[in-house]
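Each remark here refers to the structure printed beneath this line.
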Amino acid sequence: MYEEQQSEEHGPLAGFTVGVTAARRADELGALLQRRGASVLRAPVLRIVPLADDGELLAATKDLIDRVPDVVVATTAIGFRGWIEAADGWGLGEVLVDRLRGVELLARGPKVKGAVRAAGLTEDWSPSSESMAEVLDRLLDEGVEGRRIVIQLHGEPLPGFVEALKAAGAEVVGVPVYRWMPPEDIAPVDRLLDAAVSRGVDAVTFTSAPAAQSLLSRADERGLLPELLAALAHDVLPACVGPVTALPLQARGVDTVQPERFRLGPLVQILCQELPARTRALPIAGHHVEIRGHAVLVDGALRPVPPAGMSLLRALSRRPGWVVARADLLRALPGAGRDEHAVETAMARLRTALGAPKLIQTVVKRGYRLALDPASDAKYADA
């Protein structure tokens, strides 16, 4: 009951910081996270460039008009709409739609179906799972030998999809509607990388495989890849919208969390479940204390804590009730140098931020300890 009340008051993500790597729909994802209490660090790692003026898309469109395929697979709503709009701009919109009426048109998911129907077309089939794997299974079950299959691309790789169709005897043609490009401003990406390796974020979200790969590549360029992989493996939760998005991370040995439905809403919901479950709740000096990313819940009240204070609190919470020496706490402080007075200053600010000074006890000439409730000492004695 207590946990339900605090979630309603503060939101399940209160006290957590989440990095958002998306370019498209970043505002929507950020708003969903903030509505649930999270602080959001936006860092679009890629930008999506429409190919309306690109000869590659024009050539693919003319080729489809001249040589009508047997099957067209529409993979994304924004991509399909962009293709039709680009064709309209070239004066080829009507003839393209006319050609598409005469082919087997497959749409991956309800949003794609909506875009198909908005163009005056009707899909022949759409998978209930919204999965390209189910689209592939259908095509292979139908038999694709000698058939010409056009796939509307959206910048993301389709691992094994094209290869499987070609192996089964199909001619596969990709229609590249968008192209992924590096961001115009790399500074937000570097800020996110720095925050991830210093554990200044609690989670990083990914909505496309190219975005995941781009962040890894930038970390490699800066010599931070080992540190980033270590952070994602232990302290910073990588959350991907689906299994294809997760592939670049999994190839580096990083486990991710993914929602069952590949949508932004379920992605946020899985963070609402996972991040609070990773926090530590302790009974300290008669208070219920829950330590989150950049804040602490004290008896349900959200207490923002400065970064130095959070570093001290985490060091103390690793062995609750045990004395931690000033020298060890000094090492936990980022950039504190050798002056143990920095510990005293940060500790004073931490106690003020917590609003309950007795949570942390000073042990004269030794250091500090969390004032763990006596009934809990045995439970945490070997922590």
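The values are calculated or read from the model by the stated rules, or taken from the named source; none is laboratory data. Everything numeric here is computed off the predicted structure, so don't read it as measured data. No Cβ is skipped: glycine too gets one built from the backbone with ideal geometry, and neighbour counts run over all protein chains shown. Just the protein is used for accessible areas: all its heavy atoms, side chains included, with ligands, DNA and RNA removed. Shrake-Rupley method; radii C 1.70, N 1.55, O 1.52, S 1.80 Å.
Residue ranking by accessible heavy-atom surface, 1.4 Å probe, largest first, among Glu134, Glu344 comes out as Glu344, Glu134. Ordering Gln152, Tyr178, Val323 by the projection of their Cα atoms onto the charge dipole of the chain, which places +1 on the Cβ of Lys and Arg and -1 on the Cβ of Asp and Glu, puts Val323 at the extreme positive end. Backbone amide hydrogens, once placed in the peptide plane, bring Val323 within less than 5 Å of nothing, excluding anything fewer than 5 places away on its chain. Per residue, the chain exposes 47 Å² of solvent-accessible protein surface, assessed with a 1.4 angstrom probe and all protein chains in place. Once backbone amide H atoms are built at 1.01 Å from N, Val204 has Gly19, Leu237, Ala239 as its partners under 5 Å, excluding neighbours fewer than 5 places away on the same chain. The base-10 log of I(q)/I(0) for the range 253-300, evaluated at q = 0.26, 0.32 Å⁻¹, reads -0.93, -1.13 [Debye formula, identical scatterers on Cα atoms, solvent excluded].
Taking the charge dipole of the chain about its Cα centre, with +1 at Lys and Arg Cβ atoms and -1 at Asp and Glu Cβ atoms, the residue from Ile78, Ala277, Val189 reaching farthest to the positive side is Ala277. Counting only heavy atoms of the protein chains and using a 1.4 Å probe, Asp299 has close to 80 Å² of accessible surface. Restricting the calculation to Cα atoms, the chain shows an Rg/Rh of 1.10 when the hydrodynamic-style radius is the Kirkwood one. With a 1.4 Å probe rolled over the protein heavy atoms of all chains, the accessible area of Thr17, Thr122, Thr345, Thr61 falls in the order Thr122, Thr345, Thr17, Thr61, largest first. Under conditions of 20 °C and 1.002 mPa s, the range 45-200 yields 128 µm² s⁻¹ as its translational diffusion coefficient, taking Rh as the Kirkwood radius over Cα pairs in the Stokes-Einstein equation. Mean-square fluctuations from a GNM of the chain, with a 10 angstrom spring cutoff on Cα atoms, peak among Phe161, Phe206, Phe262 at Phe161. Element breakdown for the range 248-383 at a 1.4 angstrom probe: carbon and sulfur atoms account for 51% of the accessible area.
On the range 97-158, 45 percent of the accessible area sits on carbon and sulfur atoms, based on a 1.4 Å probe.
Computed on the range 190-338, the Cα convex hull volume stands at 127 Å³ per residue. Ratio of Rg to Rh for the range 68-131: 0.95 [Cα atoms; Kirkwood radius as inverse mean 1/r over pairs]. With the convex hull drawn over the C-alpha atoms of the range 170-274, the volume per residue is 135 Å³. Toward the positive end of the charge dipole of the chain, with +1 on the Cβ of Lys and Arg and -1 on the Cβ of Asp and Glu, the farthest Cα among Gly242, Leu232, Trp125 is that of Leu232.
Taking springs between alpha-carbon atoms closer than 10 angstrom, which of Val95, Val45, Val112 fluctuates most in the Gaussian network model of the chain? Highest fluctuation of the listed residues: Val95.
Just so you know, the Cα atoms of the range 170-218 work out to an Rg and Dmax of 14.9, 49 Å. Dividing the summed -39500 (n - 2.57) terms of all DSSP H runs of n ≥ 4 by the residue count of the chain sets its mean residue ellipticity at 222 nm at -13000 deg cm²/dmol. Working note: Karplus 6.51/-1.76/1.60 with θ = phi - 60° gives the range 278-283 the couplings 8, 7, 10, 10, 10, x Hz, where Gly and Pro are set to x.
Considering only alpha-carbon pairs that sit under 8 angstrom and 6 or more positions apart, the relative contact order computed for the chain is 15 percent.
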